[in-house]
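Structure first, then comments.
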Amino acid sequence: MKNSYLKPGFRLLFASLLLANFAVVSAQEPPLRSVTYRLSMSLPASHLFEVKIEVELSDAANQSLDFQMPRWSPGRYAVFDFAKNVQEVWAASGICPTQPGQGTHTTVCRQAPLPVTRIDNQTWRVETKGNSALTFSYKVFGNDLSGTFSQLDSRHANYNGGSIYMYIVDHKADPVKLAITPTGVWRIVNGRMESANQREWQFPNWDIMIDTPTEIAPDWTEDIFQVNGKTYHVVVHSFGDEGGKRPALVKDIEKIVRAETAMWGAPEFDAYTFLMHFAADDRSGDGMEHLTSTQIIEPGALADSGVYEDTLGTVAHEFFHVWNVKRLRPLEFGPWDFTRPANTRALWVAEGLTNYYGHLMMHRSGIWNEARFLKRESETISNIEGAPGSKLMSAEQSSQSASFLDDAAHSQRTNLQNTAISYYPKGELIGFVLDLIIRGKTNGKGSLDEVMRRMYDEFYLRSPNATYYLRGRGYTTEDFQRVAGEVAGYDLGDFFARYVRRTDVLPYDEALSYMGLRLVREVKPQPYNAGLSVNASDGRPVIGSVRNNSPAEDAGLQADDELVSLGGNKVTIDNWLRVLARYKQGNRVPVVVTRDRKTISTTIVLGEPDRIEYRIEDKKDATAAQKALRAAWLKG
Ligand SMILES: [Zn+2]
Ligand SMILES: [Zn+2]
């Protein structure tokens, strides 16, 4: 997933550092004789996907089958409980024949209802009553255009399988068939098309079926290009003006594909699909990785300024996941236990390093110049070094807090803005610094690129298959540390202890100096926010959060206080920072707020400047050798 779409919303991690591997998969029973999913969408405006699961039982007669909706789906680690949108669950004996080309509702045959009991909030149990075959059906509501959820409306059906398809407990590994009946003249497209107008698929297991997001609509477009014998489909469904930019976009996507395959080598697939939406609703946005496709949803229209570059940034990130996450993966990443949140210490590798390379590949593909890339990394440094959570939460702890951070919704108030950091930017900076240190210490013989390639080779290509789900096996962070140390030529135990497992400030100066660069720390022209964030509430300035150990906290200010005046000057949502900027360190600034219908006066004593910006710039005395190392790094 791409983190720029994360909405603020955090919850405190009580760091009971459970190192146990939660991805325990329950023992598989002998496979069912057949499992067929039938998806139809007869009433698009209802937002109700209609799902039928036809099961032929094996001889060892099951007394009952449990159908279960996942609580979350791979790539987004917050728990959403997709079962909340399931309705009209029903089961019956036998399987009705389906006429080719007809919806599942048009068949007529005699079926006896079977008892269905809801076992818990995600599981429905069907008694088989001695039948050799049964049909389980339900509807599921979906009206979110997102790589995580699904949407059915009058324009299209777009789904993430994990949010609409139940699996059969203990039979997730069984082969499954999928048959889709589109409504009207809508056409189906996904990352596993073997022919145009295809309506049926065979998948080795349920996990691969839900790894195949699918778009069904009358009016998507498709552009195709080839790189090294592989075919790339760019499928675009635009809800706004494209401004004639699509041909250029496809050309730039090809540049990114070339840059990333140049680093990794040939991808394993024959064909790959970019499923892209330009939502033009200023709201829907996502990027989600899959084995042979990605879903990319931009909130704007392609014609809007900024959308073009943002789309390419998402493409560079998601396509990197073809290797890092989808194939080279943490130990806990599949097959998953969808009854509990994912638990891994490695999301800083999976997402953070992908963030780093997403930015680097924008440069290597020629879309960003060197200055633009270095500016992007210095923005991440400013973000992480300015976040109070950086002092409290390590990259590993952030990974383990994913279910609280990853766009999770919070009903109770949290202090995560003071205690948490995201593994996306933190992991990005670990990758950035580690890459430069390896290049510096090995005089350019080693690199993080080489670490990633060795990891892919050892864990994906050469390890025996550990499970039914996918080739190879997953890695632990200790595996990653070992391989990185082998490439670096020295033990990275100290680096990992300080910067991955603890919260020490990364050695930016050392890393940058190898490349003839340096980090410059600058106090922003408006140095003080005094530890406040201010939101507009009905146009009035209301305190959103208060930083721990800040002048605002010392003054007794609290979230939800409405700011009335600073230093006797009336403040608004637009001017409060400018008003504060009139004062210097050590000044005492009278503050008036309203809280619970009372007016409260207090004084903020301004401390050290707290708004710091970082900039990466050339070292004046950079040597030719350092410049050569930098050129090799930027070129790849
Ligand atoms: Zn990602
Ligand atoms: Zn669509």
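How many residues does the stretch 174-194 hold that are among the small types (Gly, Ala, Ser) and either part of a strand (DSSP E or B) or within 15 Å of Arg155 (Cβ to Cβ) (or both)?
The total comes to 2.
Consider the stretch 611-636. How many of its residues are surrounded by 13 or more Cβ atoms within 10 Å (Cβ to Cβ) and not in a helix (DSSP H, G or I)?
Count: 11.
If you check Asp252 against the conditions, is it under 30 Å from Thr183 (Cα atoms) and away from ligand 1 (no atom under 16 Å from the Cβ)?
No, not satisfied.
Considering only residues of the stretch 351-388 that are among the acidic types (Asp, Glu) and in contact with a helix residue (DSSP H, G or I) (Cβ under 7 Å, 6 or more places away or on another chain), which is most open to solvent (accessible area, probe 1.4 Å)?
Glu370
Quick one: in the stretch 336-348, which of the residues that are over 13 Å from the mean Cα position of the chain (by Cα) and open to solvent by less than 10 Å² (accessible area, probe 1.4 Å) is farthest from ligand 1 (Cβ to nearest atom)?
Phe338
Taking the stretch 357-407 only, how many residues are within 19 Å of Leu448 (Cα to Cα) and not in a helix (DSSP H, G or I)?
Looking only at that region, the number is 1.
Any residue at all in the stretch 97-107 that's under 34 Å from the mean Cα position of the chain (by Cα) and either crowded, with 16+ Cβ neighbours inside 10 Å or farther than 27 Å from Gln63 by Cα (or both)?
Looking for residues that are under 34 Å from the mean Cα position of the chain (by Cα) and either crowded, with 16+ Cβ neighbours inside 10 Å or farther than 27 Å from Gln63 by Cα (or both), one finds none in the stretch 97-107, hence no.
Can you name every residue in the stretch 164-201 that is out of contact with any Pro (no Cβ under 8 Å at 6 or more places or on another chain), open to solvent by less than 30 Å² (accessible area, probe 1.4 Å) and within 16 Å of ligand 2 (Cβ to nearest atom)?
Scanning the stretch 164-201 gives Ile164, Ile180, Pro182, Val189.
Looking at Pro218, Pro204, Pro213, Pro247 in this structure, which one is within 16 Å of ligand 1 (Cβ to nearest atom) and modelled with pLDDT of 95 or more?
Residue meeting the stated conditions: Pro213.
Do we find that Asn529 is among the polar types (S, T, N, Q), at pLDDT below 95 and open to solvent by 50 Å² or more (accessible area, probe 1.4 Å) in this structure?
no
Residues in the stretch 134-148 that are surrounded by fewer than 21 Cβ atoms within 10 Å (Cβ to Cβ) and within 16 Å of ligand 2 (Cβ to nearest atom): how many?
Number satisfying all stated conditions: 2.
Take residues that are buried (at least 16 other Cβ atoms within 10 Å of the Cβ) and tell me which of the strands (runs of 3 or more DSSP E) falling wholly in the stretch 532-610 contain 3 or more.
540-546, 562-566, 588-595
Among the residues of the stretch 160-205, write down those that are among the β-branched types (Val, Ile, Thr) and either over 12 Å from Val35 (Cβ atoms) or more than 28 Å from the chain's Cα centre (by Cα) (or both).
Once the filter is applied, which keeps residues that are among the β-branched types (Val, Ile, Thr) and either over 12 Å from Val35 (Cβ atoms) or more than 28 Å from the chain's Cα centre (by Cα) (or both), the stretch 160-205 yields Ile164, Val169, Ile180, Thr181, Thr183, Val185, Ile188, Val189.
Quick check on my filter: what residues within the stretch 251-270 are of a type in the set (A, V, I, L, M) and surrounded by 17 or more Cβ atoms within 10 Å (Cβ to Cβ)?
Ile253, Ile256, Val257, Ala259, Met263
Could you please tell me which pairs satisfy a Cβ distance under 6 Å, a separation of 6+ or placement on different chains, a first residue in the stretch 287-307 that is free of Cβ contacts under 8 Å to residues at least 60 places away in the same chain, and a second residue that is in a loop (DSSP other than H, G, I, E, B) and away from ligand 1 (no atom under 12 Å from the Cβ)?
Partner pairs satisfying both residue conditions: Pro299/Ala279; Pro299/Asp282; Pro299/Arg283; Pro299/Ser284; Pro299/Gly285; Val307/Gly300.
Test each condition in (1) modelled with pLDDT under 95; (2) of a type outside the set (Lys, Arg); (3) open to solvent by less than 10 Å² (accessible area, probe 1.4 Å) for Thr314 and report the one that comes out false.
Status for Thr314: all satisfied but (1).
The values are calculated or read from the model by the stated rules, or taken from the named source; none is laboratory data. Note that the coordinates shown come from a computational prediction; the quantities given were computed from them, not determined experimentally. All Cβ positions, even for glycine, are placed from backbone atoms using ideal geometry, and neighbour counts span all protein chains on display. What goes into the accessible areas is simple: the full protein's heavy atoms, side chains included, and nothing from ligands, DNA or RNA. Shrake-Rupley method; radii C 1.70, N 1.55, O 1.52, S 1.80 Å.
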